[in-house]
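First comes the structure, then the notes that go with it.
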Amino acid sequence: ERVLRIVRTLGLAAAPPGQSNKDEEEEEEEEEEEEGCEKHREPLRVFCEQDRALLCGVCRESRAHRAHTLLALPEARRRYETELQARLQTLRDDRDKLLEMREAEMRRNS
């Protein structure tokens with residue numbers, strides 16, 4: 001659930017090909033801004049790379065995160081979107097190879 005929340009907040013949920021997530025992203029951003037930090041009820045502004053968590057200004061200044069690498073949400077979104085897209089492409093390529101192997105095996109057995 002935590003990962004899904006981070007992905008939604010960073011706007012990384014993939015839209016179907018040819019469609020934009022813009023309306024959905026705006027709706028989710030507004031929802032997150034309204035919810036904010038569960039502990040402090042402040043808007044979530046940064047992403048802690050070490051803990052992979054969204055932080056408000058109060059959490060950001062706490063001892064728990066003070067020495068951690070923090071990214072502004074737009075920067076974190078760009079970074080993780082690129083990473084996720086690359087991983088997704090690898091999975092698609094692997095799927096295509098498996099489907100080709102399956103078809104070849106079915107032809108051999110026919």
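The values are calculated or read from the model by the stated rules, or taken from the named source; none is laboratory data. Predicted model only: the values in this text are computed from it and were never measured. All Cβ positions, even for glycine, are placed from backbone atoms using ideal geometry, and neighbour counts span all protein chains on display. Only protein heavy atoms, including side chains, enter the accessible area calculation; ligands, DNA and RNA are left aside. Shrake-Rupley method; radii C 1.70, N 1.55, O 1.52, S 1.80 Å.
For segment 63-80, the candidate set comprises residues that are open to solvent by less than 70 Å² (accessible area, probe 1.4 Å) and more than 13 Å from residue 46 (Cα to Cα); within that set, the residue that is modelled with the lowest pLDDT is 64. For first residues located in segment 45-65 and at negative phi, partners that are of a type in the set (Ser, Thr, Tyr) and lie 6+ apart or on another chain with Cβ distances below 8 Å form the pairs 48/69; 49/69; 50/69; 54/9.
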